[in-house]
Every structure is written in C-alpha cells, then in structure tokens.
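Scroll down for the structure; my scribbles are underneath it.
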Amino acid sequence: MRPHLQSLAIGLCAMVASCKGCDEPAKSADAGVEASAAPPASASSVEQDAGTPAIDAAAARAPEPEIDAGPSACKLTYGPAEQPFRGPAAMRVVGSELRLVANDAGKPRIYTVAIDAKTPPAPASFVGMRWPPCELAGKFVYCQGPGGPITRTTLGTNDTKTVVSKSRPGSRIAASALGSGDHSVVAFLDTRQTTEGQMLQAFAALDGDQPVRLSEDGAGATTMRMMPRGEGAVFVYLDTRTAMVPVHARAIGLKDADLVLGNDAVAFVGGAPERGVDLAVGGVGSKLFILLPMPRETIEFGMAAIPVPDPPKDDVQAVWSLYPNGLDPAPIAASSDGWVARVRPKETMPGARRVLELGRLDESGGFRSLGVLEEGKSITDVAIITDAQRGVWILYGDANATWLERRVCP
C-alpha cells in the first residue's frame, strides 16, 4: 500500500470522483503470460463508489499499531540459512526431518533438513523454482507446470500424472486431502468467457476427475487458499473488484467418492484492494481464520482476522491488528496451530523498512507479536510450520534468495 499520506489523498479524491463499474468483477488479463518466481499482482483502483459496501464499522477495534516490536525473544536454533533453491516452497514435517517441496517446472523437488540440524554452509549453487508453490494434500502433492497444467504426484515417488489439463499460468492453486487421505482435491483458476467478458473463475478436481466450478455465478476469483477441516476442507477465495474485495468461504466434503460443495458464503467484504492483495488461512484449536492484510479505513491498514464458522456464514465480524503503515504487497503465512509470519512496515513514516514479524493468534482472532525476525529484505514469499519439539520453521525470500530458520518461543 502507498504511504498513509498518499492514501489519505486518494480517499479524499474518491469522495468526489464517480465510480464506473465498481461492482464489476475483476476480469482476467492475458491468459498466456507465464509464471515467474514472484506472485502476480492484482488489479487496483483509486476510485470508490459511495454505495460500495465498506468494512464493517462495528468490527472489533484494533489497538494502536506497534511502531517497533523489537527483536524476537524466540530463540534461533537454525539459520537463517540460504537455501540451494530460489523461489517459494511448501513445507511438511515427517518424523525427525523437515521437507521443503519446491515447484521444479511442474514436478516436486524435495529438500530435507533434520529437525535438530545446525546451520549448514552457504550453498555453492542455486536452482530457480517456479511460482506458484506446490500444494500438499495428504500423501499427494500438486504442482503447476509451464503453460498451466497441474500434475499430481504421490509424495516421495515418481508417480506423476496430469490431473487438470489447463489452469491460468502463474495463478495460485490450492489443495487438500479428503476423507481417510486416499482422496484429494485441487482447486485452480482458469479463464472462462461470460456475458461480462473473459473472467477468472475457480474450479476443483477430485482425484483427477472432471473439474467442477467452485466460484459462484456472477463471481470471479483472483486468489485462493484451502485448509483441511475434519474429513473435509474449507475453500477460501477473493473476488477482487474495482472498489471492494468480497471474501468467500465454502466447505468441501466427500460422499460416496463424490465431491460435495457447501454453500458459498460471503464472509467479509473489504474496501478498495491493493495491487498485491493476498491472504492466508490459519487455525487455532477448533477455530479457523482468514488472515487478510488490507486497508481498514482511508488512512489505516492492517491484518483482518476473519473467523470461518462451521459451516461458513455470511458477514462475520473481523478482528483487526493494525500495521504502522500500509504495504503493497503484504506477504503473510499462517499455520494450522496459530502461528503467523507477516511482512509489515517497521514504522509509520513513508518508505519505512520492511520487517518480517512472528506472532500468534488467540481463539478470538487477536494477534500477539513475538517480535521481528528479519529487517530490510524484500520478501515476497513466506511459509510457516511447526514441529513436535516446539520449533517454528519460517521460510521466506524472493526471486533472488530463499532463507530458512527455526525458532523456539517461550
């Protein structure tokens, strides 16, 4: 997001400007653009219609943003270690090792680190990996290849098959195991011709079957996430429009080997989107939250923690954790047990340095900072996971370098 003074000017201009097509869904750009190591940007606009749904004024007020949380009190036990690959990766803990699963041109490439490892020497060479990252779904891993095909591999084997013939190149995918773990579902974005022109929409394929549409009639989809819940999963997607960001959530289940979709709930409607608006989904106990960094009001920016009831409901109240200033894009990652790693400005001043902050959610969606892990790096990708020895692994970087570290927090 632009500095807060510029945001104020934009907000004042929006009060006197008319908005043409504020309720139009975001339409796709050139579907032939290839993916790079950095995520694609979403469309943004400085126009806003006075009638556009705004962020709920009754939403929980956040405390004043921390100007500087200070260095983390969490003990560093590994790293920061530069990795032999460049780009994002999915992470999984298997026994006594951490597995990093990177997207090597549509196939998973696995790197392993022992949980009790010490920081290794710097790699002698590096391999570039594709964006978006692969997605783990139980014993399966899904990766998007050049041109958009999605492959499914049984993790740790060479059993690879193409399960979706074409997705939008460079767009995110999302996946989850279903039932006992022998089934898995992958969600993806693709361009379809509609009465309003070409539009990105969300689809899902169960075990490589014919895809079904996930996004609702009249709704587009611009980015998404999926997280297991019970024997099913929750699918979350943004429908980024010119002057607002509807946040959708729907349950996905399995019945007699068939995919079952719950109602598509509009859980939250945010204001005008930033260029790189993205989200994460995290859990705390039995609770599930969508974490969305975005403008709260004209001169405020922060992380909205949006609860996802079971089943998902419309128009729920968000809990806000404000940033000192806006950031565009604002990378964020969350774990299934309450940990959050997020990039935010260090201070309120325009052009403030970026910091990587570690924190935890509580069951109400409140965020407690555990301090700053890194400062000054241009981070575009973040991932986080915990191990059985109370360690928190954070993977972060951009197209030029990827770093891994482990922390143990008091």
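Just so it is clear, none of the values below were taken in a lab; they were calculated from the coordinates. Owing to the predicted nature of the structure, the values given are computational and were not obtained by experimental measurement. For neighbour counting, all protein chains shown are included, and Cβ atoms are generated from backbone atoms with ideal geometry for every residue, glycine included.
Treating the beta-carbon of each Lys and Arg as +1 and of each Asp and Glu as -1, no other charges, what is the dipole magnitude of segment 197-242 about its Cα centre, to the nearest 20 debye?
With Lys and Arg at +1 and Asp and Glu at -1, about 220 debye.
With unit charges on the beta carbons (Lys and Arg positive, Asp and Glu negative) and the dipole taken about the Cα centre of segment 89-241, which residue among 123, 186, 106 sits farthest to the positive side?
Of 123, 186, 106, it is 123.
Under 21 Å Cα-Cα from residue 287, which lysines qualify once same-chain neighbours fewer than 8 residues away are excluded?
313
Do any of 346/377; 107/166; 139/161; 166/255 go past 20 Å between their Cα atoms, and which? Kindly include the intermediate steps, with their values, before the conclusion.
Numbers: 346/377 12 Å; 107/166 15 Å; 139/161 14 Å; 166/255 26 Å.
Checking Cα-Cα distances, 166/255 exceed 20 Å.
Subtracting the Cα-Cα distance from 0.36 nm times the residue separation, let me have the gained length for residue 217 to residue 127 in nm, one decimal. Working shown, then result.
On the way: separation 90, 0.36 × 90 = 32.40 nm, distance 4.13 nm.
Once the chain is fully extended between residue 217 and residue 127, it gains 28.3 nm.
Between segment 358-410 and segment 129-146, how many Å separate their Cα centres?
21
Once the piece of chain linking residue 75 and residue 182 is laid out straight, how much longer is it, given 0.36 nm per residue of separation minus the C-alpha distance between them?
34.7 nm
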